[in-house]
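Enquirer: One structure is given below, represented as structure tokens, and several questions about it will come after.
The values are calculated or read from the model by the stated rules, or taken from the named source; none is laboratory data. Not measured: the values here are computed from a predicted model. Because the Cβ atoms are built from the backbone with ideal geometry, glycine has one as well, and the counts that use them run over all protein chains shown.
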Amino acid sequence: MWSNRANEPSRTADSLEALHRFALLTACATFALIFVGGLVTSTGSALAVPDWPLSFGRFFPKMVGGVLYEHGHRMVAALVTLLTLGLMVWTLRVESRRYARLIAVGAFCLIVIQAVLGGLTVLLKLPLAIAVAHAACAQAFFCLVVAFCVVTSQYWQKARAIATQGSPFSLPKLALLTTIFVYAQILIGAVMRHMGAGLAIPDFPLSFGHIVPPVFPTPVAINFAHRVGALLVATLVTLTVVRVLRFHRDQPELFRISLLLGGLLVVQLGLGATTVWSMRAVIPTTAHVAVGAALLATSLVLTMRAFRLMSPVRLQGAVPLQAQMQRVQGRVRA
């Protein structure tokens with residue numbers, strides 16, 4: 001009996017570590033779902049299956065043509081939904097931190113909303129508002145899953161606050177602003193993509209041979225807004241990375257993620273240009289969507305780590321790993 005009790009802390013730690021790994025699996029599956037969803041749009045296959053939730057009245061239609069992309073998208077979405085359900089149930093069983101439980105429940109609620117929006121997109125024949133809401137919800141869901149991965153990591157448990165100056169341009173605030181702008185840029189891109197305005201300006205880096213387009217019909221305005229947004233995001237990401245390199249080089253968790261953020265920015269800008277130069281070829285266009293999601297997730301991770309290190313007051317509700325293990329042990333004994 002005593003030996004079993006002695007093993008309880010290690011079993012609890014193992015359970016929490018397993019939950020973190022399961023969250024990482026869910027995040028990877030979600031990233032794959034975003035990529036497949038990008039393929040659906042890039043190949044024009046969104047209405048290849050005209051009904052929902054079934055596909056041509058059956059669970060598994062012939063996977064040919066656009067059906068391969070659209071029904072494949074539904075299959076991956078079903079897998080992510082099941083993973084998210086499992087993540088929520090597992091979290092409610094072993095996690096004692098209220099904010100971690102809320103993130104898991106919120107993620108499951110979002111994936112349900114996302115499924116409904118996806119169905120409405122098909123049934124209502126791709127209305128712009130719902131299609132963009134579907135894309136926005138997908139990115140928000142991905143952010144929640146990534147946030148859950150962060151708060152269940154060993155780093156989150158062991159991080160200690162460091163002394164910082166109260167600058168209005170402190171790293172946490174700058175990283176948060178960057179994350180917000182990246183998300184907004186993705187939404188503008190979603191509007192442009194679903195409007196079919198990706199080539200409304202057919203040249204790059206100029207616009208009809210000018211810095212500013214000479215005319216501004218709606219598709220051109222949306223396209224140009226996306227380009228201006230890319231410039232703003234590039235500026236903010238660069239400022240964020242430079243700040244980490246100048247003032248936080250001794251923090252490896254910030255240093256490494258900032259290098260990844262900068263690298264993803266370079267790749268994303270290259271993919272954006274290639275999308276135009278290739279006349280929206282499927283692979284670069286879809287990769288542009290996926291890398292945009294990766295850029296958003298990386299910026300979010302950097303933001304959360306920065307706030308964890310430099311704004312401890314905001315996270316007073318955090319429960320240390322040892323205290324969490326003791327709570328779970330009490331539930332098991334009860």
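Enquirer: Residue by residue through the stretch 34-92, note down the ones that are within 21 Å of L128 (Cα to Cα) and among the polar types (S, T, N, Q).
Expert: Once the filter is applied, which keeps residues that are within 21 Å of L128 (Cα to Cα) and among the polar types (S, T, N, Q), the stretch 34-92 yields T41, S42, T43, S45.
Enquirer: Still on this structure, please answer the following. Can you pull out the residues in the stretch 77-98 that are buried (at least 18 other Cβ atoms within 10 Å of the Cβ) and at pLDDT 95 or above?
Expert: Correct list: A77, V80, L83, T84, L87, M88, T91.
Enquirer: While we're looking at this one, here's another question. I'm checking my understanding of the structure. Among residues of the stretch 229-275 that are among the hydroxyl-bearing types (S, T, Y) and under 21 Å from the mean Cα position of the chain (by Cα), which one is farthest from P205 (Cα to Cα)? Quick ask: steps written out before the conclusion?
Expert: Taking the stretch 229-275 first, the residues among the hydroxyl-bearing types (S, T, Y) are 235, 238, 240, 258, 274-275.
Keeping just the survivors that are under 21 Å from the mean Cα position of the chain (by Cα) gives 235, 238, 240, 258.
Working: T235: 17, T238: 19, T240: 24, S258: 26 Å.
Within the stretch 229-275, the match that is farthest from P205 (Cα to Cα) is S258.
Enquirer: In addition: Go through (1) buried (at least 18 other Cβ atoms within 10 Å of the Cβ); (2) assigned to a helix (DSSP H, G or I) for V105 and report which single condition fails.
Expert: (1)
Enquirer: For the condition over 25 Å from F142 (Cβ atoms) and either among the polar types (S, T, N, Q) or in contact with a strand residue (DSSP E or B) (Cβ under 9 Å, 6 or more places away or on another chain) (or both), what is the one hit in F208, F204, F224?
Expert: Going through F208, F204, F224 in turn, just one is over 25 Å from F142 (Cβ atoms) and either among the polar types (S, T, N, Q) or in contact with a strand residue (DSSP E or B) (Cβ under 9 Å, 6 or more places away or on another chain) (or both): F224.
Enquirer: Anything in the stretch 40-76 that is surrounded by 16 or more Cβ atoms within 10 Å (Cβ to Cβ) and touching a His at 6+ places or on another chain (Cβ under 7 Å)? List them, or say none.
Expert: V40, V49, S55, P61
Enquirer: Separate question: Of everything in the stretch 151-195, what is charged (D, E, K, R), over 21 Å from A294 (Cβ atoms) and at pLDDT 80 or above? Give them in sequence order. Before the answer, list the steps.
Expert: Just the residues of the stretch 151-195 that are charged (D, E, K, R), to begin with: 158, 160, 173, 193.
Filter once more, keeping what is over 21 Å from A294 (Cβ atoms): 158, 160, 173.
Correct list: K173 only.
Enquirer: Next up: Which one of the conditions (1) under 21 Å from L176 (Cβ atoms); (2) without any contact (Cβ under 8 Å) to a residue 24 or more places away in the chain does A136 fail to meet, given that it meets all the rest?
Expert: Single failed check for A136: (2).
Enquirer: Another question about this same structure. Starting from the stretch 205-216, take each residue that is among the β-branched types (V, I, T) and list its partners that are at pLDDT 95 or above, counting only C-beta distances under 8 angstrom and pairs at least six apart or across chains.
Expert: V212/F224
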